[in-house]
1. Just give me the residues in segment 185-212 being on the phi < 0 side of the Ramachandran plot and part of a loop (DSSP other than H, G, I, E, B), in sequence order.
2. When you go through (1) touching a residue at least 60 places away in the same chain (Cβ under 8 Å); (2) part of a helix (DSSP H, G or I) one by one for residue 182, which number turns out not to apply?
3. Of all residues in segment 216-259, which are of a type in the set (Gly, Ala, Ser) and under 18 Å from the mean Cα position of the chain (by Cα)?
4. Of the conditions (1) of a type outside the set (Val, Ile, Thr); (2) in contact with an Asp or Glu (Cβ under 9 Å, 6 or more places away or on another chain); (3) buried (at least 17 other Cβ atoms within 10 Å of the Cβ); (4) farther than 25 Å from residue 155 by Cβ, residue 250 fails just one. Which one is it?
5. What tally of residues in segment 181-195 results from selecting those that are open to solvent by less than 30 Å² (accessible area, probe 1.4 Å) and farther than 14 Å from residue 207 by Cβ?
6. Among the listed residues 102, 134, identify the single one that is outside any helix (DSSP H, G or I), open to solvent by 30 Å² or more (accessible area, probe 1.4 Å) and not hydroxyl-bearing (Ser, Thr, Tyr).
7. What's the number of the condition residue 207 fails, among (1) under 24 Å from residue 130 (Cα atoms); (2) buried (at least 21 other Cβ atoms within 10 Å of the Cβ); (3) without any contact (Cβ under 8 Å) to a residue 40 or more places away in the chain?
8. Residues in segment 213-229: is at least one assigned to a helix (DSSP H, G or I), open to solvent by 50 Å² or more (accessible area, probe 1.4 Å) and within 16 Å of residue 186 (Cβ to Cβ)?
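The values are calculated or read from the model by the stated rules, or taken from the named source; none is laboratory data. Since the model is a prediction, treat every value here as computed from it, not as a measurement. Neighbour counts run over all protein chains shown; Cβ positions are idealised from the backbone, glycine included. These area figures cover heavy atoms from the full protein model, side chains too; ligands, DNA and RNA do not enter into them. Shrake-Rupley method; radii C 1.70, N 1.55, O 1.52, S 1.80 Å.
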Amino acid sequence: MKKIMISLFILVSMLGFAEGENEGSAIREVPIIENQGAQTESTGAASNGGGESQTPDDGGETVENPETPKEATGVREYRPQSLIQLDEQMKKGTRSSIIQLNARYEQELNAYLESVSYNSDVIFYLANEYMMLNNYSRANKIFLKDNKDLRNVFGAATTYRFMGQHRNAIDKYSQAISMNSGFAESYLGRGLSYRNLNEYDNAVSDLKTYISKTGAHDGYVALADVYFKMGKNKEAYAIASQGIAKYGNSGILKVLANNILKNKID
């Protein structure tokens with residue numbers, strides 16, 4: 001079976017809450033949650049078998065024919081020149097010109113992808129570049145060009161979640177799970193989207209599955225936080241304590257536990 005390689009940026013960002021998502025959360029005192037769990041986050045079926053990486057992981061694979069990659073502001077460049085030029089024009093465009101430029105971009109993108117036969121690797125690396133540039137809408141549209149490769153289905157789900165489109169995210173995470181139930185991060189992402197729709201029972205189920213498959217730090221953080229939002233402080237404290245027992249240096253779990261104690265355990 002081909003090993004599944006998922007961008008480190010996507011995985012490290014799995015617990016990134018959108019603006020306003022952590023309202024009422026026990027982790028509200030920790031503004032940057034994604035970096036807290038990065039060093040212990042497992043990639044499940046996509047694991048490269050090791051510890052923390054300091055640079056985005058391209059999976060050690062070669063992208064076929066997306067032009068020679070170039071380094072641009074710390075991000076590996078996979079866009080063809082035509083798309084780079086359109087992106088630059090859109091930065092300076094007026095509201096009316098942006099509409100026209102977006103239409104031209106879609107034409108150029110489709111032409112480019114047709115020229116590489118909609119190669120899944122090309123789609124993944126191109127979309128992932130936009131994701132690393134925080135252009136989630138563009139990344140999402142490109143991920144959606146491929147519905148067969150788990151990396152791109154997962155990428156579409158995660159960009160939907162980052163944009164706050166949680167029902168679409170849940171649908172795509174569910175598709176990813178149906179494609180490979182062993183890829184645990186799909187349960188984490190879907191659980192977070194359920195959390196943000198206040199569907200807490202579903203969130204608890206997915207996050208428990210994620211923890212059972214990985215034992216990862218971010219699973220304990222997310223599940224404790226969901227229990228806290230449900231008003232189940234006893235369960236929240238128990239999960240946070242389990243996480244602390246495993247990850248004793250975790251500042252975010254200690255903040256969680258302290259905030260739960262402040263609200264009193266039922």
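1. 197, 199
2. The number of the failed condition is (2).
3. First pass over segment 216-259, keeping only residues of a type in the set (Gly, Ala, Ser): 216, 219, 222, 224, 231, 236, 238, 240-241, 243, 245, 248, 250-251, 257.
Listed by number, the residues that qualify are 216, 219, 222.
4. Just one mismatch for residue 250, condition (2).
5. Count: 1.
6. Details: 102 fails: outside any helix (DSSP H, G or I).
Going through 102, 134 in turn, the sole match is 134.
7. Evaluating residue 207 over (1) under 24 Å from residue 130 (Cα atoms); (2) buried (at least 21 other Cβ atoms within 10 Å of the Cβ); (3) without any contact (Cβ under 8 Å) to a residue 40 or more places away in the chain leaves (1) as the failure.
8. The initial filter retains those residues of segment 213-229 that are assigned to a helix (DSSP H, G or I), namely 213-214, 217-229.
From the residues that got through so far, the ones that are open to solvent by 50 Å² or more (accessible area, probe 1.4 Å) too are 213, 229.
If we keep only those that are within 16 Å of residue 186 (Cβ to Cβ) as well, we get 213.
There is at least one residue in segment 213-229 that is assigned to a helix (DSSP H, G or I), open to solvent by 50 Å² or more (accessible area, probe 1.4 Å) and within 16 Å of residue 186 (Cβ to Cβ).
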